[in-house]
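The values are calculated or read from the model by the stated rules, or taken from the named source; none is laboratory data. The shown structure was predicted, so the numbers you read here are calculated from the model rather than taken from an experiment. Here the Cβ is made from the backbone with ideal geometry for all residues, glycine too, and neighbour counts use every protein chain on show.
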Amino acid sequence: MNFKTTAISGARWTTLGTSLRFLLQIGQVLLLARWLDQTELGIYSILLVVLGVSRFFSDLGISQAIIHFQNLTKAQLNALYWLNIGAGGLLFGLLFSLAPFIAQFYEAPALTNLIRLGSTLYLILPAGQQFHFLLQKALAFKRLALIELLLEGWSLFVLCVFLFWGKGIVAVPASMVGYAIAYALVFFSIGRKMYRPDLRRLDFSGCRAPLRYGLFLVGERALSYFLTHLDKIILGRFFGLSFLGAYELAHQLLIRPLGLLSNIGGKITFPLYSKIQTNPARLNHWYLQNVLLVTFIAFPVYFGLLATAGESVRLLFGEEWRLSVSIFLIIGWRGIVMTVGNPIGAYLQALGRTDWGFWANVFQVFAYGLLLILGARFLNWENTLWLFLGGMA
């Protein structure tokens, strides 16, 4: 394998696909900002956090373990597939049961049915999840980019149908479920050509190492996502859903560029790093190159957003979202801080040290959570955000 050629080809296709998906996702945010009021957007924010954190538990980290371990047998893949299906079912049951309590915590009764509808995606996604990551392991970047772009377009179409149908916030979980159905159908149909999962031939004896790797990764990834959205969880409780709606719009401006870079980098670097995990010098070289590249791209993007946030928000979303501008002028600096540390995840995964990332995130969740709670309890929202930013720096 020509490593450099594969990396360049993967970067080209993944960048193209992810950039086009990014534009579709921006279109989704524009639609929601036009069709939903601030309180509804606050509910949307909580829904994203609940379903987003849960998604990391839906496959027990098995998908990433499949990429890391280079010589898994079909028997191991079969066992891991059915573990993934079982984990998705358990997660659905847990979310269905907890939905009323989450709604009560935020004093938003509508959240109950929204979470329950959205949680059905965990009954559906696992059917195709393993085959998605087998394609990623095979470095099939072009094929994946085209499939993911079509799926994102389908999700946006479902969202538009429900919004124009007058269903309001229900359009959000409906589009997620629509995406999950298409995802499962597409990847399962592709995966059947690789091998056919067979419930009658279960053998879990070879699953210990992948599961240990995956469970630490689940914890690390879930905590990382939780950490990214910890501010929304706490601020929504203390300052209300209307404020959270304005905060969500600013938060989207913060995380979308980072998400774009993370998706492009992660999809390419992790499978490539895994191929050279036994060559530390080469792995370190490519990791440092990745850090420099991400920093070179991200810094101008965030400085540009900070300079133009006022006009951009008023032009794209309307004058009623001016509070989002004030919020972004504070939290936008987080993007610069987060960018520098973002590439470390794929590096630790390739080394098999997902436990390091897990414990680092445990510490950060407690430290940042304490700062946010103290700030929200005793300060206004502006000073709370500055306190949080100071803690991150």
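Tell me, which residue of region 154-177 that is more than 17 Å from the chain's Cα centre (by Cα) and crowded, with 21+ Cβ neighbours inside 10 Å is nearest to Asp59 (Cα to Cα)?
Ala174
Given the options Gly341, Gly357, name the one that is buried (at least 17 other Cβ atoms within 10 Å of the Cβ) and either in contact with a strand residue (DSSP E or B) (Cβ under 6 Å, 6 or more places away or on another chain) or at pLDDT below 75 (or both). Please lay out each step first, then the result.
Numbers: Gly341 fails: buried (at least 17 other Cβ atoms within 10 Å of the Cβ).
Of Gly341, Gly357, the one residue that is buried (at least 17 other Cβ atoms within 10 Å of the Cβ) and either in contact with a strand residue (DSSP E or B) (Cβ under 6 Å, 6 or more places away or on another chain) or at pLDDT below 75 (or both) is Gly357.
Out of the residues in region 112-153 that are touching a Gly at 6+ places or on another chain (Cβ under 9 Å) and not in a helix (DSSP H, G or I), state the one that is surrounded by the most Cβ atoms within 10 Å (Cβ to Cβ).
Here the residue is Leu125.
Those residues that are loosely packed, with under 14 Cβ neighbours inside 10 Å and within 20 Å of Gly352 (Cβ to Cβ), I need them from region 68-92; list them, please.
Gln70, Asn71, Thr73
Go through region 95-111 and give me each residue that's surrounded by fewer than 19 Cβ atoms within 10 Å (Cβ to Cβ), under 22 Å from the mean Cα position of the chain (by Cα) and free of Cβ contacts under 8 Å to residues at least 24 places away in the same chain.
Matches in region 95-111: Phe96, Leu98.
Output the residue which, of all residues in region 192-228 that are within 30 Å of Phe388 (Cβ to Cβ), among the aromatic types (Phe, Trp, Tyr) and surrounded by fewer than 21 Cβ atoms within 10 Å (Cβ to Cβ), is nearest to the chain's Cα centre (by Cα).
Looking only at region 192-228, we keep the residues that are within 30 Å of Phe388 (Cβ to Cβ), and these are 215-228.
Then keep just the ones that are among the aromatic types (Phe, Trp, Tyr); that gives 216, 225-226.
Next cut, surrounded by fewer than 21 Cβ atoms within 10 Å (Cβ to Cβ) only: 225-226.
Working: Tyr225: 7, Phe226: 10 Å.
This residue is Tyr225.
Considering (1) at positive phi; (2) in contact (Cβ under 8 Å) with a residue 60 or more places away in the chain, say which one Gly166 fails and leave the rest.
Result: Gly166 passes all but (2).
Restricting attention to region 146-182, and to residues there that are in contact with an Asp or Glu (Cβ under 9 Å, 6 or more places away or on another chain) and not aliphatic (A, V, I, L, M), which single residue is farthest from Pro109 (Cα to Cα)? Steps first, please.
At the first step, the residues of region 146-182 found to be in contact with an Asp or Glu (Cβ under 9 Å, 6 or more places away or on another chain) are 168-169, 179.
Narrowing further to those that are not aliphatic (A, V, I, L, M): 168, 179.
On the way: Gly168: 15, Tyr179: 25 Å.
Here the answer is Tyr179.
Which condition number in (1) at pLDDT below 85; (2) part of a helix (DSSP H, G or I) is the one that Tyr195 fails?
Tyr195 satisfies all of (1) at pLDDT below 85; (2) part of a helix (DSSP H, G or I) except (2).
Go through region 311-336 and give me each residue that's loosely packed, with under 15 Cβ neighbours inside 10 Å and either on the phi > 0 side of the Ramachandran plot or at pLDDT 80 or above (or both).
Filtering region 311-336 for residues loosely packed, with under 15 Cβ neighbours inside 10 Å gives 311, 315, 318-320, 322.
Passing the criteria: Glu311, Gly318, Arg322.
Here are some conditions: (1) under 21 Å from Ala174 (Cβ atoms); (2) in contact with a Leu (Cβ under 9 Å, 6 or more places away or on another chain); (3) in a helix (DSSP H, G or I); (4) modelled with pLDDT under 90. Ser58 meets all but one. Which one does it not meet?
(3)
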